[in-house]
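Structure, as C-alpha cells:
The values are calculated or read from the model by the stated rules, or taken from the named source; none is laboratory data. Because the structure is a prediction, the values reported are computed rather than measured. Cβ coordinates were reconstructed from backbone atoms using ideal geometry, including for glycine residues, and neighbour counts include every protein chain displayed. Areas reflect the complete protein model, heavy atoms only, side chains present, ligands, DNA and RNA absent. Shrake-Rupley method; radii C 1.70, N 1.55, O 1.52, S 1.80 Å.
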Amino acid sequence: MDAPSPTAEPHGEIVIRAIAMPADTNANGDIFGGWLVSQMDLGGAVMARTLAGSRVATVAIDAMSFDAPVNVGDTVTFYARLQGIGRTSMKIGIEAWSQHYSGGAQRRVTQGVFTYVAIDAAGKPHAVKRGK
Ligand SMILES: CC(C)(COP(=O)(O)OP(=O)(O)OC[C@H]1O[C@@H](n2cnc3c(N)ncnc32)[C@H](O)[C@@H]1OP(=O)(O)O)[C@@H](O)C(=O)NCCC(=O)NCCS
C-alpha cells in the first residue's frame with residue numbers, strides 16, 4: 001500500500017498514545033512490528049469494548065501494512081475508526097502515526113483492519129446493539 005501524502009490526516013479517534021521505547025526494538029534498531037501490532041490491537045479493543053459494553057476477543061487482522069519505520073523515542077498515536085458492525089462482530093480500522101519527540105509533522109507508519117467479537121463472561125459471542 002502506498003504511503004500517504006505529507007498532507008494526509010489520520011482517520012478516526014485517538015485510542016492510545018505511547019512513546020516508543022528501546023526495549024521494543026528489532027535487530028535493525030527500529031521499533032519491532034510486533035509491538036505496533038499489539039498496541040493497535042489494544043487500541044481497537046478500547047473502541048470495541050465501548051461499543052459492545054463487554055469484553056471482546058480479536059478474531060481477525062486484515063489489510064495490515066507497515067509503511068515506515070518507527071524510531072526509538074518517537075511519540076506514536078493510534079487512531080481507530082469503526083468500519084462495520086455485524087451481529088456480534090465489529091470491524092475497526094486502526095492507523096498508527098509517529099512523530100519525532102522534538103515535534104514536526106507526524107507520519108503514518110502502519111494501518112490495518114481488526115475484527116473483534118463481543119463475548120460474554122463464558123467467552124461466547126453476544127449480539128452488539130447497533131446505534132451505540
Ligand atoms: C471470537 C470467538 C469467541 C468467536 O467464536 P465463534 O464460535 O467463531 O463465533 P461465530 O462463528 O458465531 O462468529 C462470531 C462472529 O465473528 C465473525 N468471525 C468469525 N471468524 C472470523 C474471521 N476469521 N474473520 C472475520 N470475522 C470472523 C463471524 O462472522 C461472526 O460475526 P457476526 O456475528 O457479526 O456475523 C472464537 O473464535 C475465539 O475465542 N477465538 C479466539 C480469540 C482469541 O483468542 N483472540 C486473541 C486474543 S484476544
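Each Lys or Arg adds one and each Asp or Glu takes one away; over the other residues whose Cβ falls under 13 Å from the Cβ of His11, this sums to -1.
Entry comment: accessible area of segment 13-119 is 47 Å² per residue, from protein heavy atoms only and a probe of 1.4 Å. In sequence order, segment 34-40 has phi-based couplings of x, 5, 4, 4, 5, 5, 4 Hz under the Karplus curve 6.51 cos²θ - 1.76 cosθ + 1.60, θ = phi - 60°, and Gly or Pro positions carry x. Heavy-atom surface analysis with a 1.4 Å probe gives segment 13-119 a carbon and sulfur content of 54 percent of its accessible area.
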